[in-house]
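Since the structure comes first, as structure tokens, the remarks are kept for the end.
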Amino acid sequence: MQKYRNVLFDLDGTISDPKVGITKSIQYALGKMGITPPGTDELTVFIGPPLYESFQRSYGMDAAQAKQAIAHYREYFAQNGMYENRVYSGVQTLLEQLRKDGRFIALATSKPTEFSETILQHFNIRHLFHLVVGSNMDGTRSAKAEIIRCVMDHCPDSPPESFVMIGDRAYDIIGANENGIDSIGVTYGYGTMDELLGAGPTFVAHSFTALQAMLM
């Protein structure tokens, strides 16, 4: 496996386990929309994909309803949900190793950049990322391919083969493929093995320890 110069990480399910905060935020939003929310385990499908798509797909909302649901979601998430989260063991050590090795480290997430910055600061790992790129609060730049392209545009002298995208959902792998870069699908997050393999990752890591070995 080659040594990638530019390493892109997804956030939810890859760097941290956000299950409690995200699913509670979804429950809050559904309640505000007059929908009786299911248990948190049934709402893990919301971890990873853009919320706008997920509310429409899972609850048949139209565009206006999905936007309203997102507004409610953010009411809870901004106050509580983003902190009901935990960074996976070994993340800080890996990021420090990559920095020491001279790699360029970016966060590439569908979560709004504003929230992503706050979460990384809260867990005291923001300083280990050279760049943080997420979606915009108005819902634009939410597709993972757009986000990855934005990161690549910050490295104009780097060829595609120097990049790798790491994530736990098919969206991460598809976004990497659309930009012609390699990817590592991680199975310790919220995507299933079938989902990841169906998207066509370059490599698969079954644990964070395995991911660390691949990158170093």
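Each value in this text was obtained by applying a stated rule to the coordinates, not by laboratory testing. All values derive from a computational prediction rather than experimental measurement. Note that each Cβ is placed from the backbone with ideal geometry, even for glycine, and that neighbours are counted across all protein chains shown.
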Inset, instruction - Would you list, by chain and number, the lysines whose Cα falls below 21 Å from the Cα of K19, excluding same-chain residues fewer than 8 positions away? - result: K32, K111, K144
Legend entry - Only Lys, Arg (+1) and Asp, Glu (-1) charged, at Cβ; the chain dipole about Cα centre in debye: 360 debye
Legend entry - Interatomic Cα distance distribution for the range 19-83, bins of 5 angstrom, percent: 4, 21, 33, 31, 11, 1
Legend entry - Local electrostatic count, G13, Cβ distance below 10 Å [Lys/Arg +1, Asp/Glu -1]: -3
Legend entry - Length-normalised contact order of the range 1-146 in % [C-alpha pairs under 8 Å, at least 6 apart]: 30 percent
